[in-house]
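Okay, so here's the structure we're looking at.
A short reminder: the numbers here are calculations on the coordinates, not readings from a lab. Note that the structure is predicted; figures quoted are calculated from it, not measured. Counting neighbours? That spans all protein chains shown, and the Cβs are built from the backbone with ideal geometry, glycine included.
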There are 2 protein chains.
Amino acid sequence: MKPSTSIQDYLKRIYELTENGLPASTNDLARELNVRPASVTGMIQKLAAEKPALVEYQKHQGVTLTSAGKRAALEVIRHHRLLEAWLVQTLGYSWDEVHEEAERLEHVISEDFERRIAAALGNPTRDPHGELIPTADLKMPVDDTTPLSSLRASQSATIQRVVAADPNLLRHLDSLGLTPGIQIEVIEYSEFDNNLTVKVGRKVNVLGLNITTKIFVEIQK
Amino acid sequence: MKPSTSIQDYLKRIYELTENGLPASTNDLARELNVRPASVTGMIQKLAAEKPALVEYQKHQGVTLTSAGKRAALEVIRHHRLLEAWLVQTLGYSWDEVHEEAERLEHVISEDFERRIAAALGNPTRDPHGELIPTADLKMPVDDTTPLSSLRASQSATIQRVVAADPNLLRHLDSLGLTPGIQIEVIEYSEFDNNLTVKVGRKVNVLGLNITTKIFVEIQK
DNA sequence: CTTAAAATTTAGTCTTACCTAAATAATTTT
DNA sequence: AAAATTATTTAGGTAAGACTAAATTTTAAG
Ligand SMILES: [Mn+2]
Ligand SMILES: [Mn+2]
Ligand SMILES: [Mn+2]
Ligand SMILES: [Mn+2]
C-alpha cells in the first residue's frame, strides 16, 4: 500500500536529515515537519513497527531509514524533483516558486503521470536547483560536485547545484546570474573573510561564505 | 479556510446531483462518493452547521447547496476540468484516462497553478469531454446544447459534449470519431427503436439511444 | 560527580472522516 | 389503512495524525 501523505513527508525528511550519515533526531524532524516532538516520536514508533519496517529506531538514539523506507523516500523525492523541473519548463514557474507547489503535488500524482513528465522532459538528471533526481528504478545518483567555497583564484567551474530553500535568497542568486549551468571564474580569494571574487558572464561579484557554501560546482580541468 | 478534500468531493457531487433542480438524496450521494449513507448524513449535518452554511438541509428531504457551497463546488469543478484539458493537451492523456488523475490533483493545486494552466490553454470554455468550465469568477456558463437523440433525418450538427465516465464507452466513441468539435449529419431516424443513422466524416453508423442521449450537439442553422 | 538544561518519550485528548448496527421515518404494496 | 420495504438518521466505534502536559533520559556545566 502507498504510504499516507504524512508518512511520505516523514520519510522524505528523514532521508534528507540522514544524508550526512548520522541518524535524524526527533527534534530536528519536528522542526523540519512543523510538528511537535511528541508527534514525531509517535510516528517514528509506528514506522518502525510496520512490516516491513520503514525506519530503524532506538529510543533516544534517533532514526534511520531501512531499505524499504529509503525506497519510499526516493519515490517521493523523484516526484518532487520531476515536478519542479516540469513546472519550471512548462508553466514558467521561477525556481523560487516551484517548491511549495511540488510539495503538495508529489503525493497525488500517479506513476503514469511521473513517467509522462519524465519523458516529456527528456529524463532529466537534475531539478531546477540542480538537485539530482532519483532514477526510475529509485537509485540516487552520486553527486560529485564541489562547494564553490573550496575554489581558489583562477579556477573556472560550472554551477551544478544550489542548496537553498529561501525564495529571497534564490531570487538574489538569480539576479546575480548564479544558476545551474552557468560558467564562472574565481578572480580572488580573501583568506581573512573567506570571500570569493567571482566573474559571472561579464559581471564580477564578491561572495561571502554564506553564499559560496551553498553553490556546488564542477571544476574545469 | 479551504475545505478539506472530503468536503470538496461532497460539494462537487451535490452540485452534480442537483443540476436537475432537485435536492440530492443521502443514498445517491453515498453511491457517488463510495461511502455509507450514515457517513453522508453525518457530513451533511456538519456542512449545514458551518458558518456560513455550505448546504441547505432538511431531515429526510435531501440536500442542496447554498451560494457559499456552490461557489466552493465550482472552484473544484473548475480545477478538475482545467486539469483534464491540460493533461490531454500537454501530456498526451486520452480523454478516457484523464478523469482519475484530475480527481486527485483538483484538491491540491494552487490558485496560481490554476491561472497558469488556464492561460497556457488560452482560457478554454470546455474540457476534453465538452463539459463547460466554470469561469475564473466562478460562474457556470449556460449550456445550450441539444441531445443528439432529439435530431431527425437531414439535420446537421457539431458535437459539443459527451456525457460518459466509463472509459470503455469513451474509447468506443473515440473509435467512431464521435468527439467534441466533430461535424455530423443525421441520415435516418427509426421511430421503432429510436436508432439514428449518422454520418461522421465519410463513415456512417447506426447509433442507439444509449449513445445518442449521451452526445450533445449544436444544430446547424 | 552532581546538578541543571535540553531532548525525548509517555499518557491522555482532540478532530476528521469513516464504519456497523439499531432505530425511526417515508414510501410502496397489498 | 395496514404491512412491508426502502431510505435515512442516531448511537457508538475505529484509525490516523496531530496536540499538551508530565515524566524520563541524556548531555552539558559547574
Ligand atoms: Mn510534501
Ligand atoms: Mn513514482
Ligand atoms: Mn471529469
Ligand atoms: Mn481555484
Give, in nm to one decimal, the length gained when the segment between B:Arg104 and B:Asn194 is fully stretched (0.36 nm per residue of separation minus the Cα-Cα distance).
28.6 nm
I need to check one value: relative contact order of chain A, counting alpha carbon pairs closer than 8 Å and at least 6 residues apart, in percent.
15 percent
How high is the relative contact order of the stretch B:139-221, given as a whole-number percent (alpha carbon pairs under 8 Å, six or more residues apart)?
42 percent
Neighbour cut-off at most 11 other Cβ (10 Å), DSSP loop, GluC sites (Glu not before Pro), the stretch A:160-221:
A:Glu191
Computed Rg/Rh of chain B, alpha carbon atoms with Kirkwood Rh
1.01
Strictly greater than 23 Å: what percent of every Cα pair in the stretch A:1-92 meets that?
23 percent
Check: the protein assembly as shown dipole with +1 on Lys, Arg Cβ and -1 on Asp, Glu Cβ, in debye
280 debye
Which of the aspartates and glutamates could a cross-linker span from A:Lys59 if the Cα-Cα distance has to be under 18 Å and same-chain partners fewer than 8 positions apart are dropped?
A:Asp28, A:Glu50
With the cut-off at 22 Å, tell me which of the pairs B:Lys139/B:Lys221; A:Lys12/A:Lys46; B:Lys12/B:Lys139 have Cα atoms farther apart than that.
B:Lys139/B:Lys221
Quick check on packing: order A:15-26, B:82-93 by the mean number of other C-beta atoms within 10 Å, highest mean leading.
B:82-93, A:15-26
By the DSSP-based rule, helices of chain B that are at least 27 Å long along the axis (C-alpha) and have a mean Kyte score of at least -1.0 are B:67-91
Taking alpha-carbon centroids only, the stretch B:37-77 lies from the stretch B:137-158 a number of Å equal to 30 Å
Within 10 Å of each Cβ in A:90-102, how many Cβ atoms from other chains are there, averaged over the peptide?
2
Which one of B:His172, B:Ala118, B:Leu91 is farthest out on the positive end of the charge dipole of the stretch B:90-176, using unit charges on Cβ (Lys, Arg +1; Asp, Glu -1) and the Cα centre as origin?
B:His172
Sorted by chain and number, the residues with a modelled amide H under 5 Å from that of A:Arg161, at a separation of 5 or more or across chains, are A:Phe216
With the crude spin-label approximation of a point 7 Å out along Cα→Cβ, what separation in nm comes out for B:Asn34 versus B:Ala68?
3.0 nm
Work out how much length A:Asp137 to A:Ala119 would gain on full extension: take 0.36 nm times their residue separation and subtract the Cα-Cα distance, in nm to one decimal.
5.0 nm
Evaluate the distance, in nm, between pseudo-label points positioned 7 Å from the Cα of A:Glu19 and of A:Gln220 along their respective Cα→Cβ axes.
2.7 nm
What fraction, in whole percent, of alpha-carbon pairs in the protein assembly as shown exceed 37 Å separation?
43 percent
